[in-house]
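A.B. asks: After the structure tokens below, expect a handful of questions from me.
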Amino acid sequence: MANATTTKRAGETDVEAVRQAYYERIGKKDLAPLWVVLKDLVAKEPVTACVPAIWHFADVKGLVDEAGRLISAKEAERRVLVMENPALRGKSRITNTLYAGLQLIMPGEIAPAHRHTASAIRFVLDGEGAYTQVEGEKTLMSRGDFVITPHWTTHDHGNTSKKPMIWLDVLDVPTVNFFETGFSEHLGADTQNTAREHGDSIDRFGSGVLPDGTDTRLNRSPIINYPYAHIRPILERLHRTGDVDPRHGARVRYANPFNGGWVTPTMGAQIALLPKNFNGQSYRSTDGMIFVCVEGRGATKVENQTLEWSPGDVFVVPPWKRYAHTASEETVLFNISDRPAQESLGIWREDATSH
């Protein structure tokens, strides 16, 4: 028996040695055996390198303010502290497909006009009265406003108020760079000529009517700013009428008025009101989710980890990780993810079964 076992093991060793020698030979021809890596390439379910993480506004605000004393907005082009997922340090990513950062603009400053392939959104965390200009429209911003700068649109920022403003930037830069399709250019001037004033695009396209002859084939929203002052009453109305999802609360989706779709082809955003003492059912989906607490306070349990949040806090839930929200008081949560890109590829999936 011992001799048979020894012989068998020797035979296995010989086979493995032959295979390894073969792998080394094909490797010199830039070839690799699929059967060795197949289980990693085609997993049974999503595997993510991201981890849950939270940035408490009270902890980071001072560091953002300090950046304002270190470098000007013009010198930096964009004065931003990048929010790096702890498992993806050095890659400028909050998830594998999205970049996020905290941008500061001080009173009297201008962040010069430029444009780039990547689409961007701004969600205002602190301050009031600074502006963004996008393709000739100047929009004043307030806390809770959701502002978009679609791909290849010229945009600049300025602050004519007396207080600093901080907002969350989210861009699809990692997605664009994955395809190796990134371009950018500067306008050659600090600001662009503004033909349309604050509120023009939402009045023009978001009021249930459209200017006659409007080309509605645009695959992103023509609205530049979705003001929180307009959105908050809608959330309250849903709450009053009982339209409260047991997982997400009374939630609405920022929409392209031309087709009812997402605001951009690569990034989609929602905002929800969680009633006082909300105890949400568990949920997971394949899009890694970035959340912002706008009002209230509560916690989100992500698998076995609990993230406690309050106004201004930003936190991330990795793809296909089960999570559930609880709110000790009436709360508003904003969220954004790469869901539109996944849906366009037919690969987005959700799981709402309770655990």
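A.B. asks: How many angstrom lie between the C-alpha centres of the range 73-127 and the range 239-259?
C.D. replies: Spelled out, the Cα-based centre of one part sits 28 Å from the other.
A.B. asks: Scan around Phe146 for amide H atoms under 5 Å from its own, H built in the peptide plane at 1.01 Å from N, and keep only partners 5 or more places away or cross-chain.
C.D. replies: Tyr226, Tyr228
A.B. asks: Mind sorting out which of (i) 20.0, 63; (ii) 24.5, 103; (iii) 24.2, 90 is the real Rg and Dmax of the Cα atoms in Å computed from the coordinates?
C.D. replies: Here Rg and Dmax of the Cα atoms in Å agrees with entry (iii).
A.B. asks: Greater than 30 Å separation of Cα atoms is the criterion. Which listed pairs, Lys91/Lys321; Lys29/Lys321; Lys138/Lys163; Lys163/Lys321, meet it? Mind dumping the intermediate values first?
C.D. replies: On the way: Lys91/Lys321 21 Å; Lys29/Lys321 39 Å; Lys138/Lys163 19 Å; Lys163/Lys321 39 Å.
Those over the limit are Lys29/Lys321; Lys163/Lys321.
A.B. asks: Determine the sum of side-chain charges near Ala250: Lys and Arg each +1, Asp and Glu each -1, restricted to other residues whose C-beta is under 10 angstrom from that of Ala250.
C.D. replies: Values: positive: Arg237, Arg240, Arg251; negative: Glu236, Asp243, Asp245.
Its environment carries a net charge of 0.
A.B. asks: Normalised by the residues of the chain, what does the relative contact order come to in percent, with Cα pairs under 8 Å and at least six apart? Can you show the working numbers first?
C.D. replies: On the way: 784 pairs, mean separation 53.7, N = 355.
After rounding, I find 15 percent.
A.B. asks: Here is a follow-up. Express the accessible area of the chain per residue in Å², computed with a 1.4 Å probe while the remaining protein chains stay in the model. Can you show the working numbers first?
C.D. replies: Details: 18200 Å² over 355 residues.
With the other protein chains kept in place, the chain gives 51 Å² per residue.
A.B. asks: Can you find, among Asn304, Pro222, Gly188, the residue sitting farthest towards the positive end of the charge dipole of the chain, where Lys and Arg contribute +1 and Asp and Glu -1 at Cβ?
C.D. replies: Toward the positive end, the furthest listed residue is Asn304.
A.B. asks: If you don't mind, there's one more thing I want to ask. Ignoring ligands, DNA and RNA, how do Asp212, Asp190 rank by accessible area with a 1.4 Å probe, largest first?
C.D. replies: Sorted by accessible area, descending: Asp212, Asp190.
A.B. asks: Further, regarding this structure: Quick check for me: using +1 on Lys/Arg Cβ and -1 on Asp/Glu Cβ, what's the dipole size of the chain about its Cα centre, in debye to the nearest 20?
C.D. replies: Values: 40 positive and 44 negative charges, 164 e Å.
Roughly 780 debye for the chain.
A.B. asks: Next up: Report the local net charge at Val82: Lys and Arg +1, Asp and Glu -1, summed over other residues whose C-beta lies under 13 Å from its C-beta.
C.D. replies: On the way: positive: Arg78, Arg79, Arg89, Lys91, Arg93; negative: Glu84, Asp169.
After counting each charged neighbour, the total is +3.
A.B. asks: In what sequence, largest accessible area first, do Val18, Val80, Val36, Val292 appear using a 1.4 Å probe? Could you put the intermediate results ahead of the total?
C.D. replies: Values: Val18 100, Val80 35, Val36 65, Val292 0 Å².
The ranking, largest first, comes out as Val18, Val36, Val80, Val292.
A.B. asks: Leaving out ligands, DNA and RNA, what percent of the accessible area of the range 211-355 is carbon and sulfur, probe 1.4 Å?
C.D. replies: Working: 2870 of 6240 Å².
Carbon plus sulfur share of accessible area: 46 percent.
A.B. asks: Where does helix 57-70 land angle-wise versus the long Cα axis of the chain, in degrees 0 to 90, nearest 10?
C.D. replies: So the helix axis and the longest Cα principal axis differ by about 70 degrees.
A.B. asks: For helix 2-27, what angle does its Cα long axis make with the longest principal axis of the chain, in degrees from 0 to 90 and rounded to 10?
C.D. replies: It is inclined by approximately 50 degrees.
A.B. asks: If you don't mind, there's one more thing I want to ask. Could you pull the accessible area for His230 with a 1.4 Å probe, rounded to 10 Å²?
C.D. replies: Here the accessible area works out near 100 Å².
A.B. asks: Compute the long axis of helix 228-240 from its Cα atoms, compare it with the longest principal axis of the Cα atoms of the chain, and write down the angle in degrees, 0 to 90, nearest 10.
C.D. replies: Helix 228-240 and the main axis of the chain meet at about 70 degrees.
The values are calculated or read from the model by the stated rules, or taken from the named source; none is laboratory data. Just so it is clear, the structure is predicted and the values come from calculations on it, not from any experiment. Cβ sites come from the backbone with ideal geometry, for glycine too, and all protein chains shown count toward neighbours. SASA here: full protein model, heavy atoms, side chains in, ligands and nucleic acids out. Shrake-Rupley method; radii C 1.70, N 1.55, O 1.52, S 1.80 Å.
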